[in-house]
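Report on one structure; see the data block that follows.
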Amino acid sequence: MATIAENLAVSLDELKRLQDAGKVAIRAGDLSRTHRERLLKNGFLKEVIKGWFLLSSPEQKDGDSTGWYASYWDFCAQYLRIRFGSDWIVSPEQSLLLHAGNRSIPGQMIVRTKSNTNYIVELPFHTSLFLIKAELPPSENRTEYRGIHLYGLVPALIQASPNAYLRDTVDIRTALLQIKDASEILAPLLDGGQSTVAGRLAGAFRNVGKNRIADTLLATMRDAGYDVRETDPFGEKMSLTLAPHESSPYCIRIRLMWEAMRKSIVEVFPQAPGIPQNRKDYMSKVEAIYATDAYHSLSIERYQVTPELIERVRSGKWDGKNKVEDRNARDAMAARGYWEAFQSVSESVKKILDRENAGKVVDADHGAWYRRLFAPSVAVGLLKASDLAGYRTHQVYIGNSQHVPLNTDALRDAMPVLMELLQREPHAGVRAVLGHFIFVFIHPYMDGNGRMARFLMNAMLASGGYPWTVIPVEKRAQYMKTLEQASVGQNIGPFAKFIADLVRKGLEGHPEAVLKQER
């Protein structure tokens, strides 16, 4: 008679068969009742909606949304295909977000179908599908993203509601800036006689600096006998300098985010003291705050690090080669790596205090910070040497976040744009806040992105003479919440205020709790 473990192994074989076939959305009928109940009981399967399941892990804790968010797009694509075949498409507004490179998980995704009724499909973690009966566009006006049926870029711009321009300003502008010539959009406007839409699009193109497209749209529609009145759907002007021939939606979106967000940061950030005359005194304060910074920064990342371990690492009493417990402890490797990276960042800060361009310094040095951060783990065999090669080569997801970091090709386009923006930005507070935020928004490394972003933030703060600023682990929830608001909702205000308040307390000589080490 088979043992419990042997029976579970048989069920896992069946689950692997489905996984190897590309199944993400698993129907009740894909597995026998026995296999399904066994896998559910042991945590390898989780019910998403009645009769539909998702692969899971026994180690996944209740309330951990990471697995769902990582599977969201594939699950929805398979669910909708099985339910409706090819007779469905997401809304023009959601289509534009995806064309603009916004892969964040929506709270509710509107899906147009040929179904006879409108209804909501409730999904995990406060997400849902709103299925509405609506006319579907012809096949030539459709495209796909990971199996999700979308409106093409031009049809989506034409069909998008006026409210989208105010709600999704950065994404709509990103989409508009991908249009290179008026001919791409004129034919459907003329064939449909859409004079109101043409006027709105003309104003939108002019808003993003595409005057030639705007003028051509107006002239052609009027020559065809349509009464077109230009309106600006955004309501406010913008200034943006694109690199010649830049067309990547990811690069465009980052430039737009920077331009849209910087004003909110300038408004709340304390005045910069300026680069200090006494560099030695500034660096002594940086060195003095190391243990506090390491404790909080590593604790934010969920490493179990104690002040005792940090002191042992710093004093040289730690021995990765001879102490088995240290060699096998991920936490010890993290502590040693943080110490080595901190020394490398300190050298970069010295260059910045010598008035080198802070953006250029970080551009040249951040790769060395990363290598120092993880070199100890490589030295004792916890990581492969190739893990120090540089930017990631696989997709990553952020725990419990609806934000989906850029794909590997996009991040290689986006990182040079971030470094260029850091070099050109005149305000040190903007460099610090947006440098941190956009770094984690891109998430260029497989691991260590939070620590690297906090190093970058402090290098930029030094460029304005601000003190080294520690983000307290006690404020981790607020820290993560404000980053999520910026990433998913494009609202930088809460994060900017969060950082500005910590910097202000540092300037006043009593940074909130971060200099205490009663641990």
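The values are calculated or read from the model by the stated rules, or taken from the named source; none is laboratory data. The model shown is predicted, which means the values in this text are computed figures rather than measured ones. Virtual Cβ from ideal backbone geometry, glycine too; neighbours counted across all protein chains shown.
One table, with the values for the structure above:
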item	result
M261 being part of a helix (DSSP H, G or I), under 30 Å from S104 (Cα atoms), aliphatic (A, V, I, L, M) and at pLDDT 95 or above	yes
Unmet criterion (only one of (1) touching a His at 6+ places or on another chain (Cβ under 9 Å); (2) among the charged types (D, E, K, R); (3) without any contact (Cβ under 8 Å) to a residue 12 or more places away in the chain) for R103	(3)
Qualifying residue in segment 191-200 (condition: within 21 Å of E259 (Cα to Cα) and of a type in the set (K, R))	no
Failed criterion for R103 (all others in (1) modelled with pLDDT of 95 or more; (2) of a type in the set (K, R); (3) in a loop (DSSP other than H, G, I, E, B) hold)	(1)
Residue match in segment 451-470 (condition: in contact with a Ser or Thr (Cβ under 7 Å, 6 or more places away or on another chain) and either farther than 25 Å from Y290 by Cβ or not assigned by TED's automatic domain parsing to the domain that holds A288 (or both))	no
Any pair with Cβ under 8 angstrom, 6 or more apart, that starts in segment 271-286 at a residue that is under 18 Å from F455 (Cα atoms) and in contact (Cβ under 8 Å) with a residue 24 or more places away in the chain and ends at one that is among the basic types (K, R) and surrounded by 14 or more Cβ atoms within 10 Å (Cβ to Cβ)	M283/K350
Helices (runs of 4 or more DSSP H) fully within segment 267-318 counting 3 or more residues that are at pLDDT 95 or above	279-288
Number of positions in segment 64-88 that are assigned to a loop (DSSP other than H, G, I, E, B) and without any contact (Cβ under 8 Å) to a residue 24 or more places away in the chain	1
Some residue of segment 111-119 being out of contact with any helix residue (DSSP H, G or I) (no Cβ under 8 Å at 6 or more places or on another chain), surrounded by 15 or more Cβ atoms within 10 Å (Cβ to Cβ), part of a strand (DSSP E or B) and not aromatic (F, W, Y)	yes
Condition met for I398 (surrounded by 17 or more Cβ atoms within 10 Å (Cβ to Cβ), out of contact with any Asp or Glu (no Cβ under 7 Å at 6 or more places or on another chain) and within 22 Å of E420 (Cα to Cα))	no
Total residues in segment 15-40, condition of a type outside the set (V, I, T) and in contact (Cβ under 8 Å) with a residue 24 or more places away in the chain	9
Residue list for segment 41-55, filter: touching a residue at least 12 places away in the same chain (Cβ under 8 Å), farther than 20 Å from A70 by Cβ and not small (G, A, S)	N42
Qualifying residues in segment 19-38 (those that are under 20 Å from L123 (Cβ atoms) and among the aliphatic types (A, V, I, L, M)) - the one nearest to the chain's Cα centre (by Cα)	V24
Breaking point among (1) crowded, with 21+ Cβ neighbours inside 10 Å; (2) within 19 Å of Y338 (Cβ to Cβ); (3) in contact with a helix residue (DSSP H, G or I) (Cβ under 6 Å, 6 or more places away or on another chain), for S463	(2)
Considering residues of segment 124-162 that are outside any loop (DSSP other than H, G, I, E, B) and basic (K, R) only, the residue surrounded by the most Cβ atoms within 10 Å (Cβ to Cβ)	R142
Options G43, G29; residue that is within 17 Å of K16 (Cα to Cα) and assigned to a helix (DSSP H, G or I)	G29
Failed condition for Q517, given (1) modelled with pLDDT of 95 or more; (2) of a type in the set (S, T, N, Q); (3) not in a helix (DSSP H, G or I)	(1)
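Here is a yes/no grid of residues against (1) of a type in the set (A, V, I, L, M); (2) touching a strand residue (DSSP E or B) at 6+ places or on another chain (Cβ under 8 Å); (3) in a helix (DSSP H, G or I):
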residue	(1), (2), (3)
L166	yes, no, yes
V170	yes, no, yes
A175	yes, no, yes
Q178	no, no, no
L186	yes, no, yes
G199	no, no, yes
F205	no, no, yes
A214	yes, no, yes
T220	no, no, yes
